[in-house]
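*Asks:* Dropping a structure here in structure tokens format, bear with me for questions.
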Amino acid sequence: MGDADMTLGAWSLKDVLEHIGFLENSLVAFILTDAAGTVIDCNPRVRDIFGVSREDLLGSVLFDDEWRVSDEAGSPLAPLEQPHRVALVTGEARQSVVTGFTLPDGRRRWLSVNVYPVRVEDTVIGVVTSYFDQTDRVVRDATMSMVSEVSRYVSFATDEADAQRHLCRYLVDEAGYALAWIALALPGEEYEVEYAFAAGETDYLQAGMVSWSGTKANGLGPAGTCLRTGRVQVVSDLVNRSLYAPWRERAREFGLRSSVAIPFHPGGQRACLSVYSRHVDAFSPPVTHALQVMAREVEFGITHIRSMNQVAGALDGILAALARITEARDPYTAGHQSKVGGLSAAIAAHMGIDAPTVELIRQAGDVHDVGKTAIASEILTKPGRLTPLEYQMVQRHARFGYDILAEANLPWPIADVALQHHERINGSGYPQGLAASEIILPARIVAVADVIEAMTNHRPYRSELGLERALDEVHSRAGELYDTDVVKNCVAIFEAGFSFASPRPLGTLGDG
């Protein structure tokens, strides 16, 4: 080619590829476009990559809206944002730009795109773009990310319904699927199905459209078959599969092209996770395997949640029994520990402490005086002032309580709160004379709640003093005996309406 050849139309793809050192039979697809984005030439690999012939591409404007081009994150790219268009405008090469394409047959393909401007003198008259298939790598990375995210969430979930709901929402909102739903097989001869959780194109689902019967038409689809047989069901093309005929038009209406149904057993129930894509053949073996792993993670998570709830229920029963034993020794403090536990939990929640720790602080408050079971009831119920020796004996209840609870191997901070709830910020408390941050925060919270509850109730050695005086006491000695931040939050929840008679739910006591 000489200097007179100033139009790209005078070039062939072979001229360009040979000029830059590539051959037309490369395993990489090459497309040559002019300055308007019109295809001038391409190599044979284009058919393998894009599923269209050279004749179909020649003279067309490359990749219009029907190709649904996107970036690697799945966000749509307008025609002017596509790599070859950017290179035409800027005159700069674009390298290794991972881009998604929806092929004419409905498949989704991910390609690594490299764009090289073609110049005559200083004028960009077109670009040659190479496309290398990265679908397997992108899908593998995406499935690994999906499994990791779902596993992370489920491992911290405390509600089994939320774990299943999150799985459906994640598959739609983050993984980009059109629809995800979980069906439960209901017992009985009707073989009915309950749509338990769903996200995405939920209007697709209709009452009675699926059963798990082997003799009814609505039980022969992928979800019904999955529920009945316990085997994975993949439909590569919903619109063209004969067995999907009862749902074909509805799938077309909602733009659903392929699906997978995954069996699992949340809480021992017969269930199915169904996921739908807007692309045909979207559920390759690696993707299907990843979805199976995610379903098993939810299944395991629900088992774990139920086990933890059983353990928590057993722990509450143990603590309640210990509290009753304590109150049997000291009837004047009947209900004292549970009220301290309730107030402590409310203070902790208002301080922004996470819910599991709030619950542990409540439990610690419920048994903070359990060591009194080792103190003679005559001393605990004695009217009037205690002698110095008797007072020393009462003080020992903190250490006794710690020993009892530590022996039971209860979760932190239950035993430590029993030991430290009479410690004071200035170091004047007992049994260890700890000061300030040496005292764990749960113990500082229970210490304030303990004083408030005790002062508002009758004791054998004095009459009740009332809430106002109790709040004045902790407020006036905040920073000296009591943690300032704990006192501030304690006062705030009483101002917000907390009462021992009818404590409000933790989430309603202010911004904390």
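Where a number appears in this text, it was derived from the coordinates with a stated rule and is not lab data. Predicted model, so just to flag it, every value in this text is computed and none were measured. So basically every Cβ, Gly included, is an ideal-geometry build from the backbone, and we count neighbours across all protein chains shown.
*Asks:* What angle, in degrees between 0 and 90 and rounded to the nearest 10, separates the Cα long axis of helix 160-173 from the longest principal axis of the Cα atoms of the chain?
*Replies:* 30
*Asks:* Placing +1 at every Lys and Arg Cβ and -1 at every Asp and Glu Cβ, with all other atoms neutral, what dipole size does region 229-272 have around its Cα centre, in debye to the nearest 20?
*Replies:* Values: 7 positive and 3 negative charges, 14 e Å.
In debye, rounded to 20, region 229-272 gives about 60.
*Asks:* Oh, and also: Net charge around ASP203, counting only other residues with Cβ within less than 11 Å of its Cβ (Lys, Arg = +1; Asp, Glu = -1)? Walk me through the numbers on the way to the answer.
*Replies:* Values: positive: ARG250; negative: GLU201, GLU253.
Overall, the nearby charge balance is -1.
*Asks:* Related question: In straight Cα distance, which aspartates and glutamates are under 13 Å from LYS382, not counting same-chain residues fewer than 8 positions off?
*Replies:* Cross-link targets: ASP330, GLU390.
*Asks:* Helix-only estimate, please: 222 nm mean residue ellipticity of the chain, summing -39500 (n - 2.57) across DSSP H runs of length 4 or more and dividing by its residues, to the nearest 500. Walk me through the numbers on the way to the answer.
*Replies:* Values: 18 runs with 214 residues, N = 512.
After summing the helix terms and dividing by the residues of the chain, the value is -13000 deg cm²/dmol.
*Asks:* Could you rank the peptides 402-414, 97-109, 356-368 by their average count of other C-beta atoms within 10 Å per residue, with the highest value first?
*Replies:* Numbers: 402-414: 16.5, 97-109: 18.5, 356-368: 24.6.
Going from most to least packed, we get 356-368, 97-109, 402-414.
*Asks:* Please give, to one decimal in nm, the separation of the simple spin-label points placed at ARG169 and GLN269, each 7 Å out from Cα toward the Cβ.
*Replies:* Modelled inter-label distance: 1.8 nm.
*Asks:* Along Cα→Cβ, 7 Å out, is where each label goes; now give me the distance between the ones at ASP316 and GLU249 in nm to one decimal.
*Replies:* Spacing of the two 7 Å Cα→Cβ label points: 5.3 nm.
*Asks:* At ASP64 and VAL239, where each label point lies 7 Å from the Cα along Cα→Cβ, what is the point-to-point distance in nanometres?
*Replies:* Reported label-point gap for ASP64 and VAL239 is 1.7 nm.
*Asks:* Going by amide H atoms built from the backbone, whose H comes under 5 Å of the H on VAL98, apart from near neighbours?
*Replies:* Under 5 Å from the amide H of VAL98: VAL113.
*Asks:* Can you give the Rg to Rh ratio for the chain, taking only C-alpha atoms and Rh from Kirkwood?
*Replies:* On the way: Rg = 35.0 Å, Rh = 28.8 Å.
Over the Cα atoms of the chain, Rg/Rh equals 1.22.
*Asks:* Could you tell me how far the Cα centroid of region 187-258 sits from the Cα centroid of region 271-285, in Å?
*Replies:* 12
*Asks:* With a 10 Å radius around each residue's Cβ, average the other Cβ atoms per peptide and rank 63-76, 250-263, highest first. Show your work: numbers first, answer last.
*Replies:* Working: 63-76: 14.1, 250-263: 20.7.
Output ranking for 63-76, 250-263: 250-263, 63-76.
*Asks:* Once you charge only the Cβ atoms, +1 for Lys and Arg and -1 for Asp and Glu, what is the size of the charge dipole of region 242-296 about its Cα centre, to the nearest 20 debye? Please report the intermediate quantities before stating the final value.
*Replies:* Numbers: 7 positive and 3 negative charges, 13 e Å.
Dipole size: approximately 60 debye.
*Asks:* To continue, here is another question. What FRET efficiency comes out for the pair LEU80/THR123, r = Cβ-Cβ distance, R0 = 25 Å, nearest 0.05? Intermediate values should be presented prior to the final figure.
*Replies:* Values: r = 20 Å, r/R0 = 0.80.
E(calc), rounded to 0.05, equals 0.80.
*Asks:* Separate question: If you line up the long axis of helix 355-366 against the longest principal axis of the chain, both from Cα atoms, how many degrees apart are they, to the nearest 10?
*Replies:* Taking the Cα atoms of the chain, the angle to 355-366 is about 10 degrees.
*Asks:* Let me ask something else about it. Would you mind calculating the gained length between GLN392 and GLU72 on full extension (0.36 nm times residue separation, minus the Cα-Cα distance), in nm to one decimal?
*Replies:* On the way: separation 320, 0.36 × 320 = 115.20 nm, distance 7.07 nm.
Net length gain for the segment: 108.1 nm.
*Asks:* Moving to a separate point now. Mind checking the full-extension length gain between ALA408 and THR357? Use 0.36 nm per residue of separation minus the Cα-Cα distance, one decimal, nm.
*Replies:* Going from the current span to full extension adds 16.5 nm.
*Asks:* Output the 0 to 90 degree angle, nearest 10, between the alpha-carbon long axis of helix 336-350 and the longest principal axis computed from the alpha carbons of the chain.
*Replies:* The two axes meet at around 40 degrees.
*Asks:* Still on this model: Can you list the aspartates and glutamates whose alpha carbon sits under 14 Å from that of LYS216, skipping same-chain ones fewer than 8 residues off?
*Replies:* GLU189, GLU190, GLU192
*Asks:* Based on the alpha-carbon gyration tensor of region 138-304, what equivalent-ellipsoid semi-axes (square roots of 5 times the eigenvalues) come out, in whole Å, largest first?
*Replies:* Numbers: eigenvalues 109, 76, 34 Å².
So the equivalent ellipsoid measures 23, 20, 13 Å along its semi-axes.
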